[in-house]
Each structure stands twice: as structure tokens, then as C-alpha cells.
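Asker: Here you go, one structure.
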Amino acid sequence: MQNQSNSTGYSSASTPDSVAPAASRAQAGASGIGQAAAQKIDANRSSAASGLDSAASAIHEKADSLPGGEAVQGAAHTAADALSSTADYVRENDVKSMLADAQKLVRNNPGPALLTAAVLGFLVARAVSRD
């Protein structure tokens, strides 16, 4: 079999052999970074959950004094309950199980997941592009 040069000047027969170790090192590095990030997030779960609980309590306290009647007050209490439930979830689950839950949610609801990703992408792009 004849070795042919590709556009980079390397022979096509030797390129896969030289790329495999580099790809393996890159994958190991990315894995290490991901594990370090997960450990850092896990270490801060308790404080994040406490912050969510504090926000929920503050909303519950202020909800009855909000203008707009029962509908607004009910919505505020519902939001506070959701924050409290989120705090419990964060406190009880590690990063690995939260990611598994997110993957399951996306698989079961691909349309809303795509819409959410598009909206978040749009918001991030606007925030980054502002001068």
C-alpha cells in the first residue's frame, strides 16, 4: 500500500498512529478537569442549598405584602416552595446524579429542551455582545 500525503504534509498511513496518543492525553485531561469541577460543585452544594432556602424564606415572608392580590401572593408562595424543593434536591443529590437526571429530562422532553437551550444561548449571546 502506498503512503499518500494529505494537505498537512503528513503521510495518511502515519497520521492515525500519531493522533491516537494525543487524543488519549486530551481525553484524560478533559476527564480530570471534569472530575475537579464536579468535586468543587459537590463541595459547595450545602452552601448553595442554604442560599436557596434563605431566598425561599424571604419570598414567603414578603409574599403576603405584595400588591396584586391573591394571584400574585399565590404565585410568590409557589415560587418559594419551588426554591425550597430545589434546595432539598441540591442537598440530597451529587453532581453525577443531577447530570443523569438532566440527561433523562432532555431525552424525555427534547422539544422543550431545545427551546430552552436556544433561549439560553440567545441570552448568553446578548449578555456577551453588550458593550
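What follows draws every value from the coordinates through simple rules; no lab data is involved. Predicted, not measured: the structure shown is a model, and the values here were computed from it. Please note: Cβ atoms are built from the backbone with ideal geometry, for glycine as well, and neighbour counts cover all protein chains shown.
Asker: Identify the residue in segment 42-59 that is among the aliphatic types (A, V, I, L, M) and within 22 Å of Ala102 (Cα to Cα) and, among all such residues, is surrounded by the most Cβ atoms within 10 Å (Cβ to Cβ).
Answerer: Leu52
Asker: Still on this model: Answer with yes or no whether Lys62 is exposed (fewer than 11 other Cβ atoms within 10 Å of the Cβ) and of a type in the set (Lys, Arg).
Answerer: Against the criterion (exposed (fewer than 11 other Cβ atoms within 10 Å of the Cβ) and of a type in the set (Lys, Arg)), Lys62 does not qualify.
Asker: Any chance you could count how many residues in segment 91-117 are more than 14 Å from Ala38 (Cβ to Cβ) and either touching a residue at least 24 places away in the same chain (Cβ under 8 Å) or assigned to a helix (DSSP H, G or I) (or both)?
Answerer: Summing the residues that are more than 14 Å from Ala38 (Cβ to Cβ) and either touching a residue at least 24 places away in the same chain (Cβ under 8 Å) or assigned to a helix (DSSP H, G or I) (or both) in segment 91-117 gives 17.
Asker: Inspect segment 65-79 for any residue being acidic (Asp, Glu), surrounded by 11 or more Cβ atoms within 10 Å (Cβ to Cβ) and in a helix (DSSP H, G or I) and give the result as yes or no.
Answerer: No, every residue in segment 65-79 fails to be acidic (Asp, Glu), surrounded by 11 or more Cβ atoms within 10 Å (Cβ to Cβ) and in a helix (DSSP H, G or I).
Asker: Same structure, new question: Out of all the residues in segment 87-131, which are of a type in the set (Val, Ile, Thr) and either surrounded by 11 or more Cβ atoms within 10 Å (Cβ to Cβ) or in contact with an Asp or Glu (Cβ under 7 Å, 6 or more places away or on another chain) (or both)?
Answerer: Val90, Val95, Val106, Thr116
Asker: Does Thr78 satisfy the condition of being over 28 Å from Ala38 (Cβ atoms) and among the polar types (S, T, N, Q)?
Answerer: The answer is yes for Thr78.
Asker: Now a separate question. Could you tell me how many of the residues in segment 106-123 are in contact with a helix residue (DSSP H, G or I) (Cβ under 7 Å, 6 or more places away or on another chain) and within 28 Å of Ser46 (Cβ to Cβ)?
Answerer: Qualifying residue count for the region: 1.
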